[in-house]
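Notes to accompany the following structure.
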Amino acid sequence: MEIIKLRDEFIKLGQALKAANLAEDGVEAKYVIQDGEVRVNGETETRRGRKLYDGDVISYKGEEIRIEK
(Lines give C-alpha, C1' and ligand atoms only; values in the text may rest on other atoms or scores of the structure.)
Protein backbone atom coordinates (compact mmCIF):
# COMPACT_ATOMS: atom_id res chain seq x y z
CA MET A 1 0.00 0.00 0.00
CA GLU A 2 1.36 3.38 -1.01
CA ILE A 3 1.12 6.33 1.35
CA ILE A 4 0.57 9.94 0.38
CA LYS A 5 1.56 12.47 3.02
CA LEU A 6 -0.68 15.52 3.28
CA ARG A 7 0.97 18.93 3.02
CA ASP A 8 -2.31 20.71 3.70
CA GLU A 9 -5.54 19.74 5.43
CA PHE A 10 -6.70 17.68 2.42
CA ILE A 11 -5.84 16.58 -1.12
CA LYS A 12 -8.32 16.23 -3.97
CA LEU A 13 -8.91 12.80 -5.47
CA GLY A 14 -7.58 13.69 -8.93
CA GLN A 15 -4.41 15.14 -7.41
CA ALA A 16 -3.92 12.03 -5.28
CA LEU A 17 -4.12 9.74 -8.33
CA LYS A 18 -1.48 11.86 -10.08
CA ALA A 19 0.73 11.97 -6.96
CA ALA A 20 0.63 8.16 -6.76
CA ASN A 21 1.47 7.88 -10.48
CA LEU A 22 -1.83 6.07 -11.15
CA ALA A 23 -2.86 8.75 -13.67
CA GLU A 24 -0.55 10.51 -16.10
CA ASP A 25 -2.40 13.81 -15.91
CA GLY A 26 -5.58 15.49 -14.77
CA VAL A 27 -7.48 14.47 -17.89
CA GLU A 28 -6.79 10.77 -17.35
CA ALA A 29 -7.67 11.11 -13.65
CA LYS A 30 -10.94 12.84 -14.58
CA TYR A 31 -12.01 10.04 -16.94
CA VAL A 32 -11.19 7.09 -14.68
CA ILE A 33 -12.99 8.78 -11.79
CA GLN A 34 -16.05 9.68 -13.89
CA ASP A 35 -16.17 6.11 -15.24
CA GLY A 36 -16.54 4.79 -11.68
CA GLU A 37 -13.19 2.97 -11.63
CA VAL A 38 -11.99 4.58 -8.38
CA ARG A 39 -13.15 3.72 -4.86
CA VAL A 40 -12.67 5.80 -1.73
CA ASN A 41 -13.05 3.98 1.58
CA GLY A 42 -14.72 1.09 -0.24
CA GLU A 43 -17.32 3.18 -2.11
CA THR A 44 -17.26 4.18 -5.78
CA GLU A 45 -16.43 7.87 -6.14
CA THR A 46 -17.19 9.87 -9.29
CA ARG A 47 -16.15 13.36 -8.13
CA ARG A 48 -12.53 14.17 -8.91
CA GLY A 49 -12.73 17.14 -6.54
CA ARG A 50 -13.58 14.86 -3.60
CA LYS A 51 -11.48 16.02 -0.66
CA LEU A 52 -9.40 13.31 0.98
CA TYR A 53 -8.29 13.56 4.58
CA ASP A 54 -6.01 11.65 6.96
CA GLY A 55 -7.03 7.97 7.03
CA ASP A 56 -8.86 7.85 3.68
CA VAL A 57 -7.99 4.93 1.37
CA ILE A 58 -8.19 5.04 -2.43
CA SER A 59 -8.48 1.84 -4.49
CA TYR A 60 -7.79 1.80 -8.24
CA LYS A 61 -6.53 -0.96 -10.57
CA GLY A 62 -5.75 -3.26 -7.67
CA GLU A 63 -3.62 -0.61 -5.97
CA GLU A 64 -4.39 0.97 -2.61
CA ILE A 65 -3.25 4.39 -1.46
CA ARG A 66 -3.60 5.65 2.11
CA ILE A 67 -3.74 9.35 2.90
CA GLU A 68 -1.80 10.33 6.03
CA LYS A 69 -0.80 13.53 7.81
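Filter the chymotrypsin sites (Phe, Trp or Tyr not before Pro) in the chain to those in DSSP coil with at most 12 other Cβ atoms within 10 Å of their Cβ, and list the result.
TYR53
Where only protein heavy atoms count, and the probe is 1.4 Å, what is the accessible area per residue for the chain in Å²?
Details: 4460 Å² over 69 residues.
In whole numbers, the chain has 65 Å² accessible per residue.
Working with all protein chains in place, sort ASP56, ASP35, ASP25 by solvent-accessible area computed with a 1.4 Å probe, largest first.
Correct descending sequence by accessible area is ASP35, ASP25, ASP56.
Please list the non-local residues whose amide H lies under 5 Å from the amide H of LEU6, H modeled 1.01 Å from N, same-chain partners needing a gap of 5 or more.
Counting only residues 5 or more places away or on other chains, the set is GLU68, LYS69.
Computed on alpha carbon atoms, what radius of gyration and Dmax characterise the chain, expressed in Å?
Computed over the Cα atoms of the chain, radius of gyration and Dmax are 10.4, 29 Å.
Between LYS61 and LYS5, what's the calculated FRET efficiency when r is the beta-carbon distance and R0 is 22 Å? Round to 0.05.
That pair, LYS61 with LYS5, gives E of 0.55.
Which of rounded, prolate or oblate describes the range 5-44 when judged by the alpha-carbon gyration tensor and an a/c cut-off of 1.5?
Oblate.
Under 12 Å from the Cα of LYS69, which aspartates and glutamates turn up, not counting those fewer than eight places away in the same chain?
By straight Cα distance, LYS69 reaches ASP8, GLU9, ASP54, ASP56.
Out of the total accessible area of the chain (probe 1.4 Å, heavy atoms of protein only), what percent is carbon and sulfur?
Roughly 39 percent of what the probe reaches on the chain is carbon or sulfur.
Restrict the search to the chain; then list the GluC sites (Glu not before Pro) that DSSP places in a loop and that have at most 11 other Cβ atoms within 10 Å of their Cβ.
Those satisfying the criteria are GLU9, GLU24.
How large is the charge dipole for the range 9-69, taken about the Cα centre, if only the Cβ atoms of Lys, Arg (+1) and Asp, Glu (-1) carry charge, to the nearest 20 debye?
In debye, rounded to 20, the range 9-69 gives about 200.
The values are calculated or read from the model by the stated rules, or taken from the named source; none is laboratory data. Source: prediction; values computed, not measured. Cβ: placed from backbone, ideal geometry, glycine included. Neighbour counts: every protein chain shown. SASA here: full protein model, heavy atoms, side chains in, ligands and nucleic acids out. Shrake-Rupley method; radii C 1.70, N 1.55, O 1.52, S 1.80 Å.
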